[in-house]
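The values are calculated or read from the model by the stated rules, or taken from the named source; none is laboratory data. A quick note: this is a predicted structure, and the numbers were derived from the prediction, not measured. Cβ: placed from backbone, ideal geometry, glycine included. Neighbour counts: every protein chain shown.
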């Protein structure tokens, strides 16, 4: 199309030019033949005109042949045409005719002809060269224009390809963003970027939904977000974000926000982003709405805690005799002392020393009974889930031994306890840990009941376990565990006891595992009785 | 016969209970000795006096029931009043069958305990009295000669001297002397008295010709 466009620019007679010029360009002979032919034609025409006396001999036609020759054949043949024209003029048209001699009167004319012929030739050559140069330049320009046009076309094409590619990429990006938004929506995970200066937070669509914010808050000041966070969690969250910016630390946090429809539990993970100049400009992260999971966990925990409670109540039921004994002991002391006091007061002389001692003992016995009740109440209490505090296992063991002392006495079980002093605390729920130990102790006692021949010994052993754990082993001198059942004893509702629910060990194990520990039965050797061991991770002293 | 003042023994491992029982029994006017374990009690040299043992069922090592069996085995007649924090029926039955005075569940009223103690002391006193009498009788019986011991059951079974003489193949007169000796040595006031003595000593019916001697 470019070529077509350039066509009207040519004012030259294309056809003649193309024919004659093409011939001239092609053949040097044609060029050199053109001069004599044209001069001959010109001379002949002149001669014809002269012979008919139409006019006086004039050089115009010859000059015209020179011009035409130069035009078509170039400077060389032009000069030939000049020479031939001069000769033709001298021979044919200047007296004496048919001779090359030129008469004196015509000399000036002849000289002026030569001058004009040369001038014509020079001028024509000049024009031709100019024309040709122009032509050349024009064709070069045309080529350049064509080239440029082609180049432009190419570039245009590239550009179009690029545009198409960009559109494709944009489409892909849009799709990917849609996928991301969808994925965030499905996984209830929002993403955000929290920049330090200026303080602002950018939130993804899902993050906006999680925080219950309108799309207008896609970029907002952190206060909008922090306002929703429960006051007790707010400073922790803020501290972690600031810490991430300051110390380039990743962080993870569980916190709660209050929305009009209630409290939501969130889990956020953040990571500082270091910019080109090595500074932390922002923290990017994700927020996961874990409310449903948390609620399910709480429900499960509650169910577990109720089950554990039921099991404790049952354990207490088994201990009724011992509990009655534990309480009746101090009560007996109270009553007996009170009766003694009544008698002392009825006497003729008051033995004040004896009375004082008796009353003191009454108070002490009353306090003792109160302690027993408190111990049982604690054990039977429905502790709120996850009341984890540092607990000294040795103390828990001693409490359980206190609780079961009469039971142990009743069945004439002697306790051999080796409690390693100075063991680290474990983080846990005191009541639940008591329950586990009580369960193992009661199982031990029960296992030894059929034994009449040898002494009944219950061994309780605490020590530091592997890798920062505290380890407790409870061993009885009973008949041991039948090999066939030892792998099922931890299953719920599996029991070897006629009156057992089969929940004790299952609950004990779930309690220990909920505390991050392990409970298992040791391999019994020979008839050494059954042994159970559990480990719990020790908590560091500085843990609150 | 003069009788020494009674002594009440208390065995309870629980210090507060032990002190309270000791105090209550002492204020009721008894001499009290208290022990924390059955072994401590067994090691103690007991005075020769009527008494009663107030015993906790559940004790470390040697239980109250074990101590009861131990005392029965060694022929000790010290009456036992059991006290327990929590007693079940089989335990109570076992203790009572083995001769316990009372089985009290803590906490108990002072009258119940003191009444049981008094009953125990009474029982012990009677038992001691019987034992003492028996011992005296036995001492008398041991002073009899072989012949006199042969005559004794025949006399208490109501045979006449003549019949006795026939049985023993001796003269009526000799039998009469023996009979007089028996009555004198046994310090019997009458034949009826001697019969009662014979019963106590377990010297029974001569009809079968058997002679039994009870230790």
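Considering only residues that are surrounded by fewer than 15 Cβ atoms within 10 Å (Cβ to Cβ) and without any contact (Cβ under 8 Å) to a residue 40 or more places away in the chain, look in the stretch A:311-333 and name the one that is farthest from the other protein chains (Cβ to nearest Cβ).
A:317
Residues satisfying the criterion are present in the stretch A:334-342 (criterion: part of a helix (DSSP H, G or I), over 30 Å from residue B:88 (Cα atoms) and within 14 Å of chain B (Cβ to nearest Cβ)).
Being at pLDDT 90 or above, at the interface with chain A (Cβ under 9 Å from one of its Cβ atoms) and out of contact with any helix residue (DSSP H, G or I) (no Cβ under 7 Å at 6 or more places or on another chain): is that true of residue B:23 here? Spell out how you get there, then give the answer.
Working: at pLDDT 90 or above: yes; at the interface with chain A (Cβ under 9 Å from one of its Cβ atoms): yes; out of contact with any helix residue (DSSP H, G or I) (no Cβ under 7 Å at 6 or more places or on another chain): no.
Considered against the rule, which asks whether it is at pLDDT 90 or above, at the interface with chain A (Cβ under 9 Å from one of its Cβ atoms) and out of contact with any helix residue (DSSP H, G or I) (no Cβ under 7 Å at 6 or more places or on another chain), residue B:23 comes out as no.
Among the residues of the stretch B:46-65, is any on the phi < 0 side of the Ramachandran plot, touching a helix residue (DSSP H, G or I) at 6+ places or on another chain (Cβ under 6 Å), away from every other protein chain (no Cβ under 13 Å) and surrounded by fewer than 21 Cβ atoms within 10 Å (Cβ to Cβ)? The answer is no; no qualifying residue exists.
When you go through A:153, A:146, A:181 one by one, which is the residue that is part of a helix (DSSP H, G or I), touching a residue at least 40 places away in the same chain (Cβ under 8 Å) and touching a helix residue (DSSP H, G or I) at 6+ places or on another chain (Cβ under 9 Å)? Walk me through it before giving the result.
Values: A:153 fails: touching a residue at least 40 places away in the same chain (Cβ under 8 Å); A:181 fails: touching a residue at least 40 places away in the same chain (Cβ under 8 Å).
Result of the check over A:153, A:146, A:181: A:146.
The residues of the stretch B:84-95 that are more than 13 Å from chain A (Cβ to nearest Cβ) and more than 27 Å from residue A:334 (Cβ to Cβ), listed by number, are B:93, B:94.
Residues checked against (1) without any contact (Cβ under 8 Å) to a residue 60 or more places away in the chain; (2) within 14 Å of chain B (Cβ to nearest Cβ); (3) over 19 Å from residue A:190 (Cα atoms); (4) surrounded by fewer than 16 Cβ atoms within 10 Å (Cβ to Cβ):
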{"residue": "A:247", "(1), (2), (3), (4)": "yes, no, yes, yes"}
{"residue": "A:270", "(1), (2), (3), (4)": "no, no, no, no"}
{"residue": "A:293", "(1), (2), (3), (4)": "yes, no, no, yes"}
{"residue": "A:297", "(1), (2), (3), (4)": "yes, no, yes, yes"}
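If you go through the stretch A:341-358 and keep only what is touching a helix residue (DSSP H, G or I) at 6+ places or on another chain (Cβ under 7 Å) and within 15 Å of residue B:22 (Cα to Cα), you end up with A:341, A:343, A:344, A:354, A:355, A:358. Checked against the criteria, residue B:81 counts as crowded, with 23+ Cβ neighbours inside 10 Å and more than 9 Å from chain A (Cβ to nearest Cβ).
Among the residues of the stretch A:394-438 satisfying the criterion of being in a loop (DSSP other than H, G, I, E, B) and over 54 Å from the mean Cα position of the chain (by Cα), which is farthest from the other protein chains (Cβ to nearest Cβ)? Give the steps one after another, and end with the answer.
Start the filter on the stretch A:394-438 by keeping residues that are in a loop (DSSP other than H, G, I, E, B), which leaves A:404, A:411-412, A:420-425, A:429.
Cutting the leftovers down to over 54 Å from the mean Cα position of the chain (by Cα) gives us A:404, A:411-412.
Working: A:404: 13, A:411: 10, A:412: 7 Å.
Among residues in the stretch A:394-438 that are in a loop (DSSP other than H, G, I, E, B) and over 54 Å from the mean Cα position of the chain (by Cα), the one farthest from the other protein chains (Cβ to nearest Cβ) is A:404.
For the stretch A:498-528, filtered to residues that are touching a helix residue (DSSP H, G or I) at 6+ places or on another chain (Cβ under 7 Å), at pLDDT below 80 and not in a helix (DSSP H, G or I), the residue that is nearest to residue A:467 (Cα to Cα) is A:503. The criterion of at least 3 residues that are at pLDDT 80 or above is met by the following helices (runs of 4 or more DSSP H) wholly inside the stretch A:7-76: A:28-51, A:60-73.
Could you tell me whether residue B:110 is surrounded by fewer than 17 Cβ atoms within 10 Å (Cβ to Cβ), within 14 Å of another protein chain (Cβ to nearest Cβ) and under 21 Å from residue B:14 (Cα atoms)?
No, not satisfied.
The residue that is surrounded by the most Cβ atoms within 10 Å (Cβ to Cβ), counting only those in the stretch B:1-17 that are more than 30 Å from residue B:129 (Cα to Cα) and at pLDDT 90 or above, is B:17.
Check whether at least one residue in the stretch A:449-460 is modelled with pLDDT under 65, assigned to a loop (DSSP other than H, G, I, E, B) and surrounded by 14 or more Cβ atoms within 10 Å (Cβ to Cβ), and report yes or no. So far as the stretch A:449-460 goes, no, none of its residues is modelled with pLDDT under 65, assigned to a loop (DSSP other than H, G, I, E, B) and surrounded by 14 or more Cβ atoms within 10 Å (Cβ to Cβ). Screening residue B:35 against (1) within 14 Å of chain A (Cβ to nearest Cβ); (2) surrounded by fewer than 23 Cβ atoms within 10 Å (Cβ to Cβ); (3) in contact with a helix residue (DSSP H, G or I) (Cβ under 7 Å, 6 or more places away or on another chain) leaves a single unmet condition, (1).
The single condition among (1) surrounded by 12 or more Cβ atoms within 10 Å (Cβ to Cβ); (2) under 27 Å from residue A:281 (Cβ atoms); (3) more than 23 Å from the chain's Cα centre (by Cα) that residue A:230 does not satisfy is (2).
How about the stretch A:93-109: which of its residues are in a helix (DSSP H, G or I) and under 18 Å from residue A:42 (Cα atoms)? It would help to see each step written out before you state the result.
Filtering the stretch A:93-109 down to residues in a helix (DSSP H, G or I) leaves A:93, A:104-109.
Scanning the stretch A:93-109 gives a single hit, A:93.
Answer yes or no as to whether residue B:50 is assigned by TED's automatic domain parsing to the domain that holds residue B:125 and modelled with pLDDT of 90 or more. Explain how you work it out, then say what you get.
Numbers: assigned by TED's automatic domain parsing to the domain that holds residue B:125: yes; modelled with pLDDT of 90 or more: yes.
So residue B:50 fits the description; yes.
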